[in-house]
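Working notes for the structure below.
The values are calculated or read from the model by the stated rules, or taken from the named source; none is laboratory data. This one's a predicted model, so the numbers in the text were calculated from it and none came from an experiment. Because the Cβ atoms are built from the backbone with ideal geometry, glycine has one as well, and the counts that use them run over all protein chains shown. For accessibility, only protein heavy atoms count, side chains too; no ligands or nucleic acids. Shrake-Rupley method; radii C 1.70, N 1.55, O 1.52, S 1.80 Å.
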Amino acid sequence: MGGLLTRLRGRLRWLRWRRDVQRLSPVSRAVVEQRLTYLSPSKLEELENVARAAADQAEGDFLEAGVALGGSGIVLAHLLPEGRTLHGYDVFGMIPPAGENDADDALSRYDEIAGGAAEGIGGDPYYGYMDDLQARVERSFAEHGVPVDGRRVALHAGLFEDTMTPEGPVALAHIDGDWYESVTTCLERVHPVLSAGGYVIVDDYHDYDGARRAVDDFLAGVDDLRVERDGESLVLQRVAPVAVEGAS
């Protein structure tokens, strides 16, 4: 009986997953089915919706910190208005270690990755173990009709602190950096050039304690970012600072 219930639950989870996938745009469905993204269908749907809002409401480029296999970046490139650029930042290899501001969840995950025990999507190799990851990502972008040409799509290889220097303005930043220091660096680099009405999506806010604390610490020091949506990911939007009565 227990085995039957387990199979039924598994079947229901799969049916819900298929239902969620069918709600996506064709390009998002394609990157899911081709195992090019670690984002759940509901996270991808949220990314699509926020990207459309950013394209309509804010000036500037799109930015993604943590490209991985390129799936979510491909989706963003398809939603990017003409004349703007998607900037993707990644080490395109082994991710840096978690730090002293991260908790056991991140430390354990990094140990698993560094020890060679991490698995990829659907039994594929973990992307961080691929020697030719950037070339694979570039091929995937090209195959989906958004080639990495340095104009519409530009990729920047290296640590965020070494490569992420956006000149702005930025309409949307998708931050998928996992650890406290990585997320903090992204927020510090993006915030000064984030357009009014622009959005920041923090993918790992509910996945890793360090990512959540990085966002909470940053928000405590600024007054022009609000939580627009707190779902599977955290969505922030830049608003005008609240005027203080009597201030000159």
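Cut-off 10 angstrom, C-alpha nodes, Gaussian network model of the chain. Which of Tyr89, Tyr205, Tyr127 fluctuates the most?
Tyr127
Using a probe radius of 1.4 Å on heavy atoms only, what accessible surface per residue do you get for region 147-248? Whole Å² is fine. The partial results should precede the final answer.
Working: 4840 Å² over 102 residues.
It amounts to 47 Å² per residue over region 147-248.
Could you give the dipole magnitude of region 34-91 about its Cα centre, charging the beta-carbon of Lys and Arg +1 and that of Asp and Glu -1, in debye to the nearest 20? Don't jump to the answer; show the numbers that get you there.
On the way: 4 positive and 9 negative charges, 44 e Å.
Charge dipole of region 34-91: 200 debye, to the nearest 20.
At 1.567 mPa s and 4 °C, plugging the Kirkwood radius over alpha-carbon pairs of region 55-110 into Stokes-Einstein gives what diffusion coefficient in µm²/s?
Translational D for this selection: 96 µm²/s.
Do you know the relative contact order of region 97-248, to the nearest whole percent, from alpha carbon pairs under 8 angstrom that are 6+ apart?
20 percent
Take Arg151, Arg29 and sort them by solvent-accessible surface of the protein heavy atoms, 1.4 Å probe, largest at the top.
Numbers: Arg151 165, Arg29 65 Å².
Final ranking, largest accessible area leading: Arg151, Arg29.
When the accessible area of region 19-90 is split by element with a 1.4 Å probe, what percent falls to carbon and sulfur? Can you show the working numbers first?
Working: 1140 of 2570 Å².
So the carbon and sulfur contribution to the accessible surface is 45 percent.
Kindly work out what percent of the DSSP beta bridges joining two residues of region 111-237 are antiparallel, to the nearest 5. Could the numbers behind the result be given before it?
Details: 9 of 14 bridges.
Given both bridge residues lie in region 111-237, the antiparallel proportion sits at roughly 65 percent.
Where Lys and Arg each count +1 and Asp and Glu each count -1, what net charge lies around Ser140 among other residues with Cβ under 14 Å from its Cβ?
With Lys, Arg at +1 and Asp, Glu at -1, the neighbours total -4.
Tell me the carbon and sulfur percent of the accessible area for region 92-194, rounded to whole percent, probe radius 1.4 Å.
That share works out to 45 percent.
Taking amide hydrogens as modeled 1.01 Å from N in the peptide plane, which residues meet the under 5 Å criterion relative to Leu225, leaving out close sequence neighbours?
Result for Leu225 returns Val239.
On a 0 to 90 degree scale, rounded to 10, what angle separates helix 41-57 from the longest Cα axis of the chain?
With rounding to tens, the tilt is 30 degrees.
Per residue, what volume in Å³ does the convex hull of the Cα atoms of region 153-234 enclose? Display every interim value, and only then the final one.
Details: hull volume 7.9 nm³, N = 82.
It comes to 97 Å³ per residue, whole-number rounded.
Of the labelled options (i) 402; (ii) 237; (iii) 154, which one gives volume of the Cα convex hull per residue in Å³ as computed for this structure?
Only one listed value fits the structure, namely (iii).
What figure, in Å² to the nearest 10, do you get for the accessible area of Glu33 with a 1.4 Å probe and non-protein molecules left out?
The accessible area of Glu33 comes to roughly 100 Å².
Could you give each residue of region 160-177 its phi-based ³J(HN,Hα) in whole Hz, using Karplus coefficients 6.51, -1.76, 1.60 with θ = phi - 60°, and x for Gly or Pro?
4, 5, 9, 10, 8, 9, x, 7, x, x, 10, 8, 8, 10, 9, 9, 10, x
As I understand it, the dipole of the chain uses +1 on the Cβ of Lys and Arg and -1 on the Cβ of Asp and Glu, about the Cα centre. Which of Ala214, Tyr38, Ile201 lies farthest toward its positive end?
The Cα lying farthest towards the positive end belongs to Tyr38.
Treat every Asp and Glu Cβ in the chain as -1 and every Lys and Arg Cβ as +1, leave all other atoms uncharged, and give the resulting dipole magnitude about the Cα centre to the nearest 20 debye.
1440 debye
Antiparallel versus total DSSP beta bridges in region 47-160: what percent is that, nearest 5? Mind dumping the intermediate values first?
On the way: 1 of 10 bridges.
So the antiparallel bridges amount to about 10 percent of the total.
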